[in-house]
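Encoded as structure tokens, the structure appears first; notes follow it.
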Amino acid sequence: MNIYVVRHCKADGQESSAPLTDLGLQEANRLAEFLLTKNIDFIISSPYERAHRTIAPLAEKLEIDIVFDNRLTERILSNKNNPEWRSMLQNTYDNLDLCYDGGESSLTAMSRAISVVDEVLCKEFKNIVLVSHGNLISLILKHYDDRFGFKEWESFTNPDVYLLSFTQAPPNISRIWID
């Protein structure tokens, strides 16, 4: 089984209703062409606008419904805006239990995302697309390979695609998106 973990395309903001930018819409079409030959048979996405609009062109071409899952929404670092948010985020990779006011720890966010992965692994699908957000995706990857952290999160692009190939345990992880 293969899971193509997709970070959403460029969006106009961070709120759940933020639409894709014009460039983001172009990238979504490019992403659809990129994934079209991968024999995708299931698509699951964060319900955030920028996530499901990223994969909508592929779903339309393949005539596959997008399944929405709230467990794939963006991780909330804190309920307060803080100019030091990048430093705060970096600290959460070093201490997975660290939790700021109104936010969720890396471990909590990772657990909810991995519960989605575990569920789709129990299904009969062979090639799955999972669409989410950068920080949550980095935590999914960190679950399977502890070398993923803040630096790797910083290197993500919009969009980005990682392939989790479950032919062995732990799965083989490879970045397959070409900018």
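May I ask you to list the residues in the range 23-52 that are assigned to a helix (DSSP H, G or I) and either among the hydrophobic types (A, V, I, L, M, F, W, C) or open to solvent by less than 50 Å² (accessible area, probe 1.4 Å) (or both)?
As a first pass, look at the range 23-52 and keep what is assigned to a helix (DSSP H, G or I): 23-35, 49-52.
Listed by number, the residues that qualify are 23, 24, 25, 27, 28, 31, 32, 34, 35, 50, 51, 52.
So which residues in the range 140-162 are farther than 21 Å from residue 56 by Cβ and of a type in the set (A, V, I, L, M)?
Result: 140, 141.
Determine whether the range 53-66 contains at least one residue that is outside any helix (DSSP H, G or I), open to solvent by 30 Å² or more (accessible area, probe 1.4 Å), within 25 Å of residue 155 (Cβ to Cβ) and among the β-branched types (Val, Ile, Thr). So that I can check it myself, show each step before the final result.
Start the filter on the range 53-66 by keeping residues that are outside any helix (DSSP H, G or I), which leaves 63-66.
Next cut, open to solvent by 30 Å² or more (accessible area, probe 1.4 Å) only: 63-66.
Right, trim to within 25 Å of residue 155 (Cβ to Cβ) and you get none.
The answer is no; no qualifying residue exists.
Checking residue 153 against (1) open to solvent by less than 20 Å² (accessible area, probe 1.4 Å); (2) touching a residue at least 60 places away in the same chain (Cβ under 8 Å); (3) in contact with a Phe, Trp or Tyr (Cβ under 9 Å, 6 or more places away or on another chain): exactly one of these is not met. Which one?
In the conditions (1) open to solvent by less than 20 Å² (accessible area, probe 1.4 Å); (2) touching a residue at least 60 places away in the same chain (Cβ under 8 Å); (3) in contact with a Phe, Trp or Tyr (Cβ under 9 Å, 6 or more places away or on another chain), residue 153 misses (1) alone.
I want to confirm something. Restricting to the range 89-128 and keeping residues that are within 30 Å of residue 38 (Cβ to Cβ) and of a type in the set (S, T, N, Q), which single residue is most open to solvent (accessible area, probe 1.4 Å)?
Taking the range 89-128 and keeping what is within 30 Å of residue 38 (Cβ to Cβ), we get 93, 106, 109-128.
Right, trim to of a type in the set (S, T, N, Q) and you get 106, 111, 115, 127.
Numbers: 106: 0, 111: 67, 115: 37, 127: 20 Å².
Of everything passing the filter in the range 89-128, 111 is most open to solvent (accessible area, probe 1.4 Å).
Out of curiosity, is residue 137 over 16 Å from the mean Cα position of the chain (by Cα), within 25 Å of residue 56 (Cβ to Cβ) and not basic (Lys, Arg)?
On the way: over 16 Å from the mean Cα position of the chain (by Cα): no; within 25 Å of residue 56 (Cβ to Cβ): yes; not basic (Lys, Arg): yes.
Considered against the rule, which asks whether it is over 16 Å from the mean Cα position of the chain (by Cα), within 25 Å of residue 56 (Cβ to Cβ) and not basic (Lys, Arg), residue 137 comes out as no.
The conditions are (1) at pLDDT below 95; (2) within 19 Å of the chain's Cα centre (by Cα); (3) not β-branched (Val, Ile, Thr), and residue 125 fails exactly one of them. Which is it?
(1)
The values are calculated or read from the model by the stated rules, or taken from the named source; none is laboratory data. Because the structure is a prediction, the values reported are computed rather than measured. Note: ideal-geometry Cβ built from the backbone for every residue, glycine included; neighbour counts use all protein chains shown. Protein only, heavy atoms only, side chains kept; ligands, DNA and RNA dropped before computing areas. Shrake-Rupley method; radii C 1.70, N 1.55, O 1.52, S 1.80 Å.
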